[in-house]
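Since the structure comes first, as structure tokens, the remarks are kept for the end.
The values are calculated or read from the model by the stated rules, or taken from the named source; none is laboratory data. Just so you know, these numbers come straight off a predicted model, no measurement behind them. Cβ placement follows ideal geometry from the backbone for every residue including glycine, while neighbour counts extend to all protein chains displayed. Calculation scope for accessible area: heavy atoms of the full protein, side chains included, ligands and nucleic acids excluded. Shrake-Rupley method; radii C 1.70, N 1.55, O 1.52, S 1.80 Å.
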Amino acid sequence: MENYYQPEIECASREQILAIQNEKLVAQVKHVYKNVKYYRDLMDKKGVKPEDIKSVDDLYKLPFLTKADLRDAYPYGLLGCDLKKCVRIQSTSGTTGRRVVAFYTQKDIDIWEECCARAIVAAGGSNEDVCQVAYGYGLFTGGPGLNGGSHKVGCLTLPMSSGNTERQIQFMRDLHSTILCCTPSYAAYIGETLKDMGYTPDDIDLKAGIFGAEPWTEEMRRDIEKSLGIKAYDIYGLTETSGPGVSFECSAQTGMHINEDHFIAEIIDPDTGEVLPEGSKGELVFTSLDKEAFPLLRYRTRDICVLSREKCPCGRTHVKMSKPMGRSDDMLIIRGVNVFPSQIETVLLKEGYSVNYMIEVDRAHNTDTLDVYVELTPEQFSDTVKAVAQKEKELAAAITQMLGIRPVVHLVAPKTITRSEGKAVRVIDKRKLHD
Ligand code: DLL
């Protein structure tokens with residue numbers, strides 16, 4: 001049976017949701033216009049007044065906010081309330097200037113944690129669960145967000161943070177963790193370590209995982225589910241919108257429900273800014289509806305995805321977003337071809353390779369080069385040199401078929417590619433270093 005954290009809102013009718021959004025949007029726009037000079041200037045420049053925004057239908061009139069604006073306004077320029085009312089910051093790990101610093105009032109934190117609680121309950125969590133949070137704690141939003149959500153649900157919370165993988169497994173076994181929260185790449189690493197320590201999924205009590213903060217494919221989901229003996233759920237969010245929990249997967253696992261009582265989502269054409277009809281693939285844009293300290297109107301996420309309002313068997317009514325298919329700014333253009341790292345990952349996993357890979361792009365004699373380093377499993381490694389060369393050729397052909405350009409594939413020894421305890425770095429674009 002499907003469980004909900006806040007059923008009255010998660011399963012509200014479309015009319016109810018729209019009424020909530022209309023009312024909150026008008027108030028949020030007034031709040032921003034009054035308190036955030038930076039955005040007031042953008043509205044004035046566009047000739048839009050708060051009175052022009054009467055409902056969600058008027059949203060398109062508002063100017064966009066971009067990462068460049070966040071940089072310009074760093075650190076306090078987008079603050080929506082007195083600093084005295086703020087109780088916390090969280091931040092991305094970007095270098096100075098590119099860093100996003102988000103501010104929270106106590107109310108902002110409560111709402112954020114409620115969103116995370118909805119995700120945990122959707123993954124089957126209750127006060128009978130032991131929730132091991134292995135996202136990083138500190139400035140990164142992953143640890144604090146899921147930690148807060150886990151408290152709200154009433155789970156016994158293990159604030160492990162990331163790293164120290166053998167200890168993670170010891171705690172998991174000794175305290176009988178049932179839910180694991182971490183990045184999918186770290187979940188894969190934990191699965192691998194479990195095996196290395198001589199355990200099988202039967203030796204742990206995990207039943208579900210809540211994984212996000214980076215792109216991961218369906219193939220990777222199946223790998224993780226097998227290695228840990230769990231059902232793996234996706235969760236999405238970004239520091240700018242509080243953190244994880246903007247959207248989350250339910251039992252249907254056909255997209256992530258966006259918490260529409262707190263955010264309005266739009267899909268736009270990343271090149272023209274035009275709002276696209278439902279079902280189109282484009283850039284996801286969020287408008288916060290009740291944030292006090294760090295309200296954002298029409299914030300361009302750079303994440304590319306599709307929205308769907310198809311009825312969900314789980315009973316939730318909030319719109320669903322697909323897994324982000326990449327970021328408009330993470331897309332690689334190699335020899336003129338658009339390449340998303342996730343396309344390469346899909347091929348690797350389909351062909352029976354591990355998620356431990358590295359993509360290197362460079363330029364030689366004015367031509368882009370693409371090298372894909374893929375780790376062999378110990379079983380594959382025993383092959384002869386000739387067999388490995390043949391495998392490299394076959395894998396290169398499979399990737400060529402997917403991308404339309406030919407990579408050079410290097411199959412490397414087990415455990416030679418660095419594992420990630422947080423967000424995996426899988427692309428090295430050396431062209432940026434010489435250009
Ligand atoms: O990654 C927040 C988060 C923490 C989400 C824990 C989920 C779990 P940032 O560090 O600001 O915040 O990075 C945000 O990460 O714009 C996406 O490009 C990417 N991202 C986040 N979740 C997913 C996901 C956190 N489920 C950026 N799938 C976003 C794919 C994701 N990409």
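Which residues among region 338-365 fall inside the zone where the amide N is under 17 Å from a point 7 Å beyond the Cα of ASP383, along Cα→Cβ? Residues 347-358 qualify, since their backbone N sits under 17 Å from the label point. Local charge for HIS31 was computed over the other residues whose Cβ lies under 12 Å away, with Lys and Arg +1 and Asp and Glu -1, and equals +3.
Of the residues GLY209, GLY80, GLY47, the one that moves most in a GNM of the chain with alpha-carbon contacts below 10 Å is GLY47.
Close amide H contacts of THR157 (hydrogens built in the peptide plane, cut-off under 5 Å, sequence separation of 5 or more or a different chain): CYS131. When both bridge partners sit in the chain, DSSP labels roughly 60% of those beta bridges antiparallel. Working note: Karplus 6.51/-1.76/1.60 with θ = phi - 60° gives region 415-429 the couplings 6, 9, 8, 4, 7, 10, 9, x, 6, 6, 9, 10, 10, 10, 9 Hz, where Gly and Pro are set to x. Assuming R0 = 45 Å, can you tell me the calculated FRET efficiency for the pair GLU23 and GLN390, based on Cβ-Cβ distance, to the nearest 0.05? The formula returns an efficiency of 0.10 here. Fully extending the segment from ASP429 to LYS85 would add 119.6 nm, taking 0.36 nm per residue of separation and subtracting the current Cα-Cα distance. For region 332-434, give the percent of accessible area contributed by carbon and sulfur heavy atoms, probe 1.4 Å, rounded to a whole number. With neighbouring chains kept in place, the figure for region 332-434 is 56 percent.
Which of LYS24/LYS85; LYS34/LYS423; LYS30/LYS67; LYS393/LYS423; LYS350/LYS415 have a Cα-Cα distance over 27 Å? The pairs that break the limit, which is 27 Å between Cα atoms, are LYS34/LYS423; LYS393/LYS423. Could you identify which residue out of GLY124, GLY163, GLY352 has the top mean-square fluctuation in a GNM of the chain using Cα springs shorter than 10 Å? Maximum fluctuation in the GNM of the chain, among the listed residues, is at GLY352. Each residue of region 216-231 was assigned a 3J(HN,Hα) from its phi angle through the Karplus curve 6.51 cos²θ - 1.76 cosθ + 1.60 (θ = phi - 60°); the sequence is 8, 8, 4, 5, 5, 4, 5, 4, 5, 4, 6, 6, 10, x, 9, 9 Hz, with glycine and proline shown as x. Seen from GLU113, the other residues with C-beta closer than 13 Å to its C-beta sum to a net charge of +1, counting Lys and Arg as +1 and Asp and Glu as -1. When all protein chains stay in place and ligands, DNA and RNA are ignored, the 1.4 Å accessible-area order of THR141, THR418, largest first, is THR418, THR141.
Think of a 1.4 Å ball rolled over the protein heavy atoms: the chain then has 44 Å² of accessible area per residue. Within the listed set PRO324, PRO414, PRO159, the residue fluctuating most in the Gaussian network model of the chain (springs between alpha-carbon atoms under 10 angstrom) is PRO414.
Figure legend: label point modelled 7 angstrom from the Cα of VAL337 along Cα→Cβ; residues of region 385-423 with amide N under 14 Å from it are 395-409.
Between the C-alpha center of region 277-296 and that of region 180-226 there is a gap of 30 Å. For region 398-432, the residues whose amide N sits under 19 Å from a probe point set 7 Å from the Cα of HIS365 along the beta carbon direction are 405-409, 431.
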